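Okay, so here's the structure we're looking at.
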Amino acid sequence: MPRVVILGTGTNVGKTFVACALARALAAQRSVQRVHAVKPVETGVDRPGSIPPRGSDAAKLERAAPTTSLRPHPLYAFPDAVSAHLAARRCGQRVSIPAIARWVSAMHDTALHTWSIVETAGGALSPVSARATNLDVAAALLPARVVLVAPDALGVLHDLRATLAGMAARGLPPDFVVLSAARGRDASTGTNAAELPRVGLPRPIAVVPKGDTNGRSLSRLVRELVAQAQRDSR
Ligand SMILES: Nc1ncnc2c1ncn2[C@@H]1O[C@H](COP(=O)(O)OP(=O)(O)O)[C@@H](O)[C@H]1O
Ligand SMILES: [Mg+2]
């Protein structure tokens, strides 16, 4: 079952927006039967009941991928809107990466063309516990395609370089980089995609413009993901 892990260069960079747009764009493919989209760890939300808390990323993901049925969703929900490791500690809990991997694997579907998309909490190197970061979460979810989301805004050249350095050090480079209009327009918006390769960074596979909720701008990413999944299944 193909899996996509969404990492970000930080918080509020467009991870949820891109994950939702990707879920919709994938679901529109003839070769794709179902798409599940989940958020294992979320802060700033109450413990979920039978459905994800209102306004949560988990709820947005389920709206974009309505067949998602994992419960509870999020697996770990913490009320304080701080780093997951601290939010968990304040609740007397610890985020267990093996538990996340088991929870995500429960989405396993014998249908070959059911996809899952997993959004991480905060930045790629944000802690989920005293020792582990979202890179450890992503590593535990392999095999998967790793998509790194960054904002099409000032500061992205630094943030992407720093994040990619951290990912390379962990032996987990992203398969794809996506920029999204997660901030107001600034003087760099629209220039960043072309500048990234000029300064030795990967060219993004997509730049998601403001309001592209259906992920039309993600067509190249979708094509690549589907082609790779077909190759993997042979
Ligand atoms: N391409 C886009 N078009 C419109 N709004 C966007 C886009 N990308 C991100 N946003 C908005 O930017 C804010 C932060 O994005 P979000 O996906 O929630 O970030 P993250 O999940 O990384 O915290 C949200 O209000 C989101 O709706
Ligand atoms: Mg989010």
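The values are calculated or read from the model by the stated rules, or taken from the named source; none is laboratory data. Bear in mind the structure is a predicted one, so any value in this text is a computation, not a measurement. Here the Cβ positions follow ideal geometry from the backbone for every residue, glycine too, while neighbour counts run over all protein chains shown. These accessible areas exclude ligands, DNA and RNA; they are computed on the full protein's heavy atoms, side chains included. Shrake-Rupley method; radii C 1.70, N 1.55, O 1.52, S 1.80 Å.
Suppose the filter is open to solvent by 60 Å² or more (accessible area, probe 1.4 Å) and either under 16 Å from Asn12 (Cα atoms) or within 14 Å of ligand 1 (Cβ to nearest atom) (or both); does Leu148 pass it?
In short, no.
Please verify whether segment 153-165 includes one or more residues that are free of Cβ contacts under 8 Å to residues at least 60 places away in the same chain, more than 13 Å from the chain's Cα centre (by Cα), open to solvent by less than 20 Å² (accessible area, probe 1.4 Å) and more than 20 Å from Lys39 (Cβ to Cβ).
Yes, that holds for at least one residue.
Taking the condition within 16 Å of ligand 2 (Cβ to nearest atom) and open to solvent by 10 Å² or more (accessible area, probe 1.4 Å), does Ala21 pass?
no
Applying the selection to segment 213-228, what residues are basic (Lys, Arg) and crowded, with 20+ Cβ neighbours inside 10 Å?
Within segment 213-228, no residue meets the criteria.
Inside segment 107-198, counting only strands (runs of 3 or more DSSP E) that do not spill past its ends, which hold 1 or more residues that are touching a Ser or Thr at 6+ places or on another chain (Cβ under 9 Å) and among the charged types (D, E, K, R)?
Strands (runs of 3 or more DSSP E) meeting the threshold: 114-119.
From Pro197, Pro209, which residue is surrounded by fewer than 17 Cβ atoms within 10 Å (Cβ to Cβ), within 15 Å of ligand 1 (Cβ to nearest atom) and modelled with pLDDT of 95 or more?
On the way: Pro197 fails: within 15 Å of ligand 1 (Cβ to nearest atom).
The match here is Pro209.
Sort out which residues of segment 1-31 are more than 10 Å from ligand 1 (Cβ to nearest atom) and either among the hydroxyl-bearing types (Ser, Thr, Tyr) or within 16 Å of Arg216 (Cβ to Cβ) (or both), and write them in order of number.
Residues satisfying the conditions are Leu22, Ala23, Arg24, Ala25, Leu26, Ala27, Ala28, Gln29, Ser31.
Being within 17 Å of Ala150 (Cβ to Cβ) and either over 18 Å from the mean Cα position of the chain (by Cα) or touching a residue at least 60 places away in the same chain (Cβ under 8 Å) (or both) is the filter here, so list the residues in segment 218-229 that pass it. Even if it seems obvious, please write down each step before you answer.
Keep residues of segment 218-229 that are within 17 Å of Ala150 (Cβ to Cβ), which gives 218, 220-221.
Answer for segment 218-229, where residues must be within 17 Å of Ala150 (Cβ to Cβ) and either over 18 Å from the mean Cα position of the chain (by Cα) or touching a residue at least 60 places away in the same chain (Cβ under 8 Å) (or both): Leu218, Leu221.
State which residue is nearest to Val4 (Cα to Cα) when the search covers only segment 147-164 and only residues that are β-branched (Val, Ile, Thr) and touching a helix residue (DSSP H, G or I) at 6+ places or on another chain (Cβ under 6 Å).
Here the residue is Val149.
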